Amino acid sequence: MKPSLIKNKIFKNFGVYFLQFILTIFVIYFLVLVFLYFYQRSLLYHPNENNYSGDKISVDIEKVKIQTSDNIELLGWYHEKNLKDYKTLVYFHGNAGSLENRIHKLNHFQDMNINFLIIAWRGFNGNKGKPSERGLYVDGKSAIDWLKKKGVDEKNLILYGESLGTGVATHLAQNKNYAGVILETPFTSMVDAAKNFYPYIPINLLLKDKFENFKKVKNINTPILVMHGEVDQIVPFSMGKKIYEIANNPKYSYFTKYDDHMMEYDENLVLALKSFFNSLN
C-alpha cells in the first residue's frame, strides 16, 4: 500500500475515533444532567447528616408538635419567658443535621430577653415528608401561625434564618411588619451557591428550588441583621456582603475574618445579637 494511502487511512480512523470520543463525552454529560435533575433534592438537602457534638441543653424548652397546612407534623422546641414583654424569635435552621445541632446556639438565648421557637423541617428530625422550597415555606409559615395562635403579635416576631433557613426567612419577611430579621451566612440564591460546586453544569436551567434571596430581601422593610464569616467555604462571604448591601435600612452587620460556615457563637456574636434585640425595643 502506498504511503499516501496509509496516511489517509490513519487520518480517517483518527477522525472516526475522535467523533466517537466527543459523542461519548456528550452522552456521559447528558446522563449526568439527567441524574442531577431527577435526584437534585437528594443532593441539595441533607436531613440525615449529623454533626451533633454532645452539647447539653441548658435552656428550658417544651417539645411541641406543629401541624402544617398540608398536614405534616413538625417537631419544634419552644421556650417562653414572657410573651407580653419580650420579642419572640422563630428560628429557621440550615441544611444538614437536627435541632440538637443548634443547642450551642439556643443555650445563649437563656440570658437574653427573648422567647423562641425552633422547628425542624419536613424530612428532618424524624418528621415525615420530603423537603422542597415550597415545602419549607409552608413549614415556616405554619410555625409563625402557631405562634400567632398563642397570642404573639406580628410586630413582636423576629425571623432568624441560618444558611438554608435564610431562604425561608427572606421569603416570609417580605412586605410584613415583623420586629426584625436575622440572616446568618445568607446566600444570594441557591443557583449562585450551587454554581460554586458545579461550575460546568447549567444550574439555572436544572435547579427546581432557587431560593432567590437577592430579589426578596429588597422587599423586607423591617430592621435586618446580616452575619457572615469571611472564610466560609460553603456560602462565599461575598454573598452575605451583597445581601447586606442591597438590604433596606435600618440594617446592621456582623462580619468576621475567621468564621467558617458554622459561625462561632462567641461573646462578640452574642453581643451583636443582644445589641440588635435592644435596638428593636
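Structural remarks
- Contact map, region 61-74: first residue in the same structural domain as GLN110 (by TED's automatic domain parsing), second residue assigned to a strand (DSSP E or B) and small (Gly, Ala, Ser), Cβ cut-off under 6 Å, separation 6 or more or different chains; pairs are VAL64/GLY76; ILE66/GLY76.
One line per residue, one yes/no per condition, for (1) at pLDDT below 90; (2) outside any loop (DSSP other than H, G, I, E, B); (3) closer than 18 Å to VAL64 by Cβ:
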| residue | (1), (2), (3) |
| --- | --- |
| TYR78 | no, yes, yes |
| LEU83 | no, no, yes |
| LEU89 | no, yes, yes |
| GLY97 | yes, no, no |
| ARG102 | no, yes, yes |
| LYS105 | no, yes, no |
| PHE109 | no, yes, yes |
| LEU117 | no, yes, yes |
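- Matching residues in region 120-137 - criterion: being surrounded by fewer than 20 Cβ atoms within 10 Å (Cβ to Cβ) and touching a Ser or Thr at 6+ places or on another chain (Cβ under 7 Å): ASN125
- Search result, residues across region 237-251 that are within 11 Å of PHE187 (Cα to Cα) and either polar (S, T, N, Q) or over 19 Å from the mean Cα position of the chain (by Cα) (or both): SER238
- Residues of region 54-71 that turn out to be surrounded by 12 or more Cβ atoms within 10 Å (Cβ to Cβ) and outside any loop (DSSP other than H, G, I, E, B), as a count: 3
- Among all positions in region 131-146, there is at least one residue which is outside any helix (DSSP H, G or I), touching a residue at least 40 places away in the same chain (Cβ under 8 Å) and either not assigned by TED's automatic domain parsing to the domain that holds TYR39 or not small (Gly, Ala, Ser) (or both).
- Among (1) surrounded by 14 or more Cβ atoms within 10 Å (Cβ to Cβ); (2) of a type outside the set (Val, Ile, Thr); (3) out of contact with any strand residue (DSSP E or B) (no Cβ under 6 Å at 6 or more places or on another chain); (4) within 17 Å of VAL181 (Cβ to Cβ) - the single one MET262 does not satisfy: (4)
- Residue in region 99-108 that is polar (S, T, N, Q), within 21 Å of the chain's Cα centre (by Cα), closer than 21 Å to PRO186 by Cα and surrounded by fewer than 22 Cβ atoms within 10 Å (Cβ to Cβ) present: yes
- Residues satisfying the criterion are absent from region 194-201 (criterion: modelled with pLDDT of 95 or more and of a type in the set (D, E, K, R)).
The values are calculated or read from the model by the stated rules, or taken from the named source; none is laboratory data. What you are looking at is a predicted structure, and each value in this text was computed from that prediction instead of being measured. Don't worry about glycine lacking a Cβ; one is built from the backbone with ideal geometry, like all the others, and counts go over all protein chains shown.
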